[in-house]
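Colleague: The structure that follows is given in the form of structure tokens.
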Amino acid sequence: MPTAEAEAEWDAFEARLKFSTLLGSLSASVAAAQKAARFLMVNKHCGEDLFEVALEWLEKDDMNLRIKIWGIWEELSEMAMREQHVDYINRIRDNIQHFMDNICPPERPIAANIRIVRKGVERMHKLGLFSNTRAKELDEMLKHRTSSSQNPDLDAVEAAHKQDPGEEAHDMKHRWPNAFGDNKPSGAKRPTDKKQIEQRIEEDRERHKRLKESIWQIGNGEHEESDKMWEECSDIDEGDLMAAEDETSEMLGISIDELRRRFPAQTPVAAV
Amino acid sequence: MTDQANIGPHPSFVHTRKQFFTQQEIEILSSHPKLRSAKEDSTRLQVVNLMDNMRQHIRLPTRTLATGVMYYHTFRLTRADLEYSPYDAASASLFVACKIEDTLKRSKEIIAAAKNYRLSAAEQIPWDSGNFDAGAKNAIGMERLVLETIGFDFRSRVPQEMIVKLCKYWCLPKDTVYRTAFDASLDLYRTYAPLKMTSGIMALACIELALKIHNVTLPSLDTTDEDGVTKQTGHRYATPIVKFADRGRVMETVHDLLDLYEHAQAPFTTRLGAKYSKDDFVRIKLEFKQIMETENLARYASSDELESDEIKQNGSTDNMDMDTPQSKTRSTTTSPKEVNGISKEESLREQTSMKEGTLRYMVDIERAKHEKEVVYDYFHDKTEEYEVEEEVPKPKRRRQ
């Protein structure tokens with residue numbers, strides 16, 4: 001029953017076309033990235049073709065699109081690792097450098113993209129896609145690019161985000177007039193057009209939602225959640241005692257005063 | 001005619017959520033024809049298993065599951081009068097819990113998770129594909145019922161945090177005792193224990209079980225406290241935070257868990273059940289039995305305590321389950337000795353049909369109680385108009 005409802009498998013030619021359309025209408029949401037990744041998983045038989053398509057799209061001159069395609073690799077690596085699909089895992093491993101060079105090109109690094117890619121590499125590393133050394137190497141490389149970042153336009157967006165992540169787009173225009181066109185970027189680089197920046201602000205808002213989710217999302221590992229709790233939980237304090245009093249008095253159906261009468265010897269928590 | 005004219009507007013009914021149930025109350029509620037069947041236990045395991053799988057699939061943290069399962073249990077027990085599928089109730093409970101724990105998920109994502117969790121990535125159906133619209137609508141419809149059942153009282157009890165704190169406090173090994181206790185705390189939601197106990201008691205029960213499994217002893221658990229007061233109440237835990245934890249209740253919770261491990265059959269797996277054999281649990285159960293015999297503890301501490309409290313407190317124990325203004329009387333009436341199962345059951349169940357007046361939800365029990373006491377007199381005189389609700393169940397409700 002489930003397979004009947006899932007997206008159908010296509011032959012290689014149709015799959016290429018379909019995937020192309022999918023990439024053309026890609027949004028920055030997780031759902032869109034997951035949809036594309038799922039398409040790759042369904043059409044494993046023409047994985048090579050589909051990778052080719054994605055690499056072609058990565059060459060397009062739209063930095064926003066490139067970073068959206070990066071979202072697909074993140075989702076795909078998670079799906080592939082879960083199912084141990086060796087072909088895709090190897091493809092991602094082999095092409096990671098290529099992806100990075102396209103998304104954060106060394107000659108034209110964009111801090112806003114680098115930030116996302118670094119997080120993504122970390123996520124992939126956690127999934128076990130890269131060895132520790134490889135992950136470190138990639139991270140170092142990205143870090144290096146961050147420091148040499150020279151694109152004033154998208155960097156301005158990045159700076160604005162840092163100042164106030166919840167900033168509204170029109171406020172940003174007001175505050176960062178130079179980010180939206182008029183100034184000529186240094187060197188021979190093309191100016192990033194205004195529309196692209198606005199689009200990026202919208203998309204970053206979508207990514208922000210994802211970031212918020214990641215605060216409470218649990219990992220896949222068996223002990224990941226319990227370990228995280230162990231790390232994050234504070235020691236017993238006054239607040240716990242009060243919560244315990246509340247709960248107990250309600251359980252026994254007595255008032256807190258009555259409870260305190262029944263359990264008088266109250267060692268101060270600090271002395272414990 | 002003139003009498004009629006003198007009657008003001010109905011003061012409306014007040015509903016407060018019952019946060020804690022006793023074993024006895026749970027048994028009374030489970031005796032409803034719909035819940036009495038032997039299948040009910042396996043339904044419960046199945047539903048909680050499903051909820052656990054769903055929440056792992058959409059990566060919800062334990063606290064959301066804990067809250068959701070509490071709502072589900074309460075709903076299942078008190079709303080037996082409704083026709084619904086337990087799976088819809090489970091999805092709706094999880095949906096409400098997501099909002100309350102601030103781990104927002106769309107209703108469609110939750111419904112889709114129920115289907116997708118066992119499928120491979122390629123087979124999964126995207127939540128926005130339209131396949132889950134009907135299910136999501138259902139969940140949203142049931143959301144209101146769940147909210148009413150919990151009386152818009154969003155407090156919940158999550159023992160996991162307390163487990164961490166106590167394990168750290170007692171310097172227990174993280175890789176063995178803590179992890180086992182954490183797993184046990186998740187299994188606990190397959191029982192009714194979370195409805196009966198405070199988070200401190202649940203945490204202690206999980207830790208005690210984990211200690212036995214790993215054969216670790218905790219000095220403070222096994223030495224008798226010198227403090228006269230704590231001894232008197234049967235308390236044996238030296239940490240101030242758990243001083244309220246009654247040993248009998250902790251043991252009751254441990255046994256709820258052990259019973260679960262004994263009876264849960266595949267495919268309704270429990271976390272610890274997958275790691276340890278039934279023989280282990282039988283052995284541990286015997287050990288705990290000995291402890292209970294030496295300490296002279298009954299299997300169900302929560303019921304006994306209710307009884308004795310009632311005598312001491314002249315009935316203020318069950319002041320939470322009053323649904324009608326009339327029920328406020330108890331502080332003035334003398335309690336009849338016999339247990340009246342039916343009226344108790346009625347008082348525990350949600351009231352679905354109101355003759356007149358509005359139903360209001362109140363979180364502060366004291367305030368609700370006070371208000372009911374104030375309006376009681378007015379109701380009492382007009383016997384003819386309220387006879388069904390007023391006179392009959394009132395005095396019988398107090399059990400001894």
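Colleague: Under the condition of being among the β-branched types (Val, Ile, Thr) and more than 19 Å from B:GLN46 (Cα to Cα), which residue from the stretch B:79-131 is farthest from the other protein chains (Cβ to nearest Cβ)?
Modeller: That would be B:VAL96.
Colleague: Taking interchain pairs and intrachain pairs at least six residues apart, which have beta carbon atoms under 7 angstrom, with the first residue in the stretch B:126-148 and free of Cβ contacts under 8 Å to residues at least 40 places away in the same chain and farther than 21 Å from B:GLN19 by Cβ and the second of a type in the set (A, V, I, L, M) and surrounded by 17 or more Cβ atoms within 10 Å (Cβ to Cβ)?
Modeller: Hits for this filter: B:TRP127/B:ALA112; B:ASN131/B:ILE125; B:PHE132/B:ILE111; B:PHE132/B:ALA112; B:ALA136/B:ILE111.
Colleague: Another question, if that's okay. Could you list, ordered by first residue, the pairs with Cβ atoms under 6 Å in which the first is in the stretch A:111-136 and assigned by TED's automatic domain parsing to the domain that holds A:HIS85 and the second is crowded, with 21+ Cβ neighbours inside 10 Å and assigned to a loop (DSSP other than H, G, I, E, B), at least 6 apart or interchain?
Modeller: So the pair list comes out as A:ASN113/A:CYS104; A:ILE114/A:CYS104; A:VAL117/A:CYS104.
Colleague: Residues that are touching a Phe, Trp or Tyr at 6+ places or on another chain (Cβ under 8 Å) and free of Cβ contacts under 8 Å to residues at least 24 places away in the same chain: does the stretch A:11-20 have at least one?
Modeller: So far as the stretch A:11-20 goes, yes, one or more of its residues are touching a Phe, Trp or Tyr at 6+ places or on another chain (Cβ under 8 Å) and free of Cβ contacts under 8 Å to residues at least 24 places away in the same chain.
Colleague: Right, here's the next one. Somewhere in the stretch B:149-169, is a residue in a helix (DSSP H, G or I), more than 9 Å from chain A (Cβ to nearest Cβ), surrounded by fewer than 19 Cβ atoms within 10 Å (Cβ to Cβ) and out of contact with any Cys (no Cβ under 7 Å at 6 or more places or on another chain)?
Modeller: No; the residues of the stretch B:149-169 include none that is in a helix (DSSP H, G or I), more than 9 Å from chain A (Cβ to nearest Cβ), surrounded by fewer than 19 Cβ atoms within 10 Å (Cβ to Cβ) and out of contact with any Cys (no Cβ under 7 Å at 6 or more places or on another chain).
Colleague: Within the stretch A:75-92, can one find any residue that is closer than 26 Å to A:ARG205 by Cβ and acidic (Asp, Glu)?
Modeller: Taking every residue of the stretch A:75-92 in turn, at least one turns out to be closer than 26 Å to A:ARG205 by Cβ and acidic (Asp, Glu).
Colleague: Could you look through the stretch A:211-244, keep only residues that are part of a helix (DSSP H, G or I), out of contact with any Pro (no Cβ under 6 Å at 6 or more places or on another chain) and within 7 Å of chain B (Cβ to nearest Cβ), and pick out the one that is surrounded by the fewest Cβ atoms within 10 Å (Cβ to Cβ)?
Modeller: Taking the candidates together, the pick is A:TRP230.
Colleague: May I pose another question? Given the residues B:VAL47, B:VAL69, which is the only one that is surrounded by 24 or more Cβ atoms within 10 Å (Cβ to Cβ), outside the structural domain of B:LEU272 (by TED's automatic domain parsing) and of a type outside the set (Gly, Ala, Ser)?
Modeller: Testing whether each residue is surrounded by 24 or more Cβ atoms within 10 Å (Cβ to Cβ), outside the structural domain of B:LEU272 (by TED's automatic domain parsing) and of a type outside the set (Gly, Ala, Ser) leaves just B:VAL69.
Colleague: Every residue in the stretch B:72-101 that is under 15 Å from the mean Cα position of the chain (by Cα), surrounded by fewer than 24 Cβ atoms within 10 Å (Cβ to Cβ) and of a type in the set (A, V, I, L, M, F, W, C), please.
Modeller: Selection gives B:LEU77 alone.
Colleague: Got at least one residue in the stretch B:218-225 being part of a helix (DSSP H, G or I), within 22 Å of B:GLN290 (Cβ to Cβ) and at pLDDT 85 or above?
Modeller: Among the residues of the stretch B:218-225, not one is part of a helix (DSSP H, G or I), within 22 Å of B:GLN290 (Cβ to Cβ) and at pLDDT 85 or above, which makes the answer no.
Colleague: Another question about this same structure. Tally time: how many residues in the stretch A:246-261 are assigned to a helix (DSSP H, G or I) and either crowded, with 18+ Cβ neighbours inside 10 Å or assigned by TED's automatic domain parsing to the domain that holds A:VAL30 (or both)?
Modeller: 7
Colleague: Go through (1) within 25 Å of B:ALA134 (Cα to Cα); (2) at pLDDT below 90; (3) in a helix (DSSP H, G or I) and name the single condition B:TYR84 misses.
Modeller: Going through (1) within 25 Å of B:ALA134 (Cα to Cα); (2) at pLDDT below 90; (3) in a helix (DSSP H, G or I) one by one, B:TYR84 breaks only (3).
Colleague: So, one more: Could you go through the stretch A:43-65 and let me know if any residue there is within 12 Å of chain B (Cβ to nearest Cβ), within 19 Å of the chain's Cα centre (by Cα) and over 17 Å from A:PHE99 (Cβ atoms).
Modeller: No, there is no match, as no residue in the stretch A:43-65 is within 12 Å of chain B (Cβ to nearest Cβ), within 19 Å of the chain's Cα centre (by Cα) and over 17 Å from A:PHE99 (Cβ atoms).
Colleague: May I ask you to list pairs of residues, at least six apart or on different chains, whose Cβ atoms are under 7 Å apart, with the first in the stretch B:184-199 being facing another protein chain (nearest Cβ under 10 Å) and the second being in a loop (DSSP other than H, G, I, E, B)?
Modeller: Partner pairs satisfying both residue conditions: B:LEU186/B:ARG271; B:LYS196/B:PHE20; B:LYS196/B:PHE21; B:LYS196/B:THR22; B:THR198/B:ARG157; B:SER199/B:ARG157; B:SER199/B:VAL158.
Colleague: So which residues in the stretch B:170-183 are more than 8 Å from chain A (Cβ to nearest Cβ) and free of Cβ contacts under 8 Å to residues at least 40 places away in the same chain?
Modeller: Correct list: B:CYS171, B:ASP175, B:VAL177, B:ALA181.
The values are calculated or read from the model by the stated rules, or taken from the named source; none is laboratory data. Values in this document were obtained by computation on a predicted structure and should not be read as measured data. For neighbour counting, all protein chains shown are included, and Cβ atoms are generated from backbone atoms with ideal geometry for every residue, glycine included.
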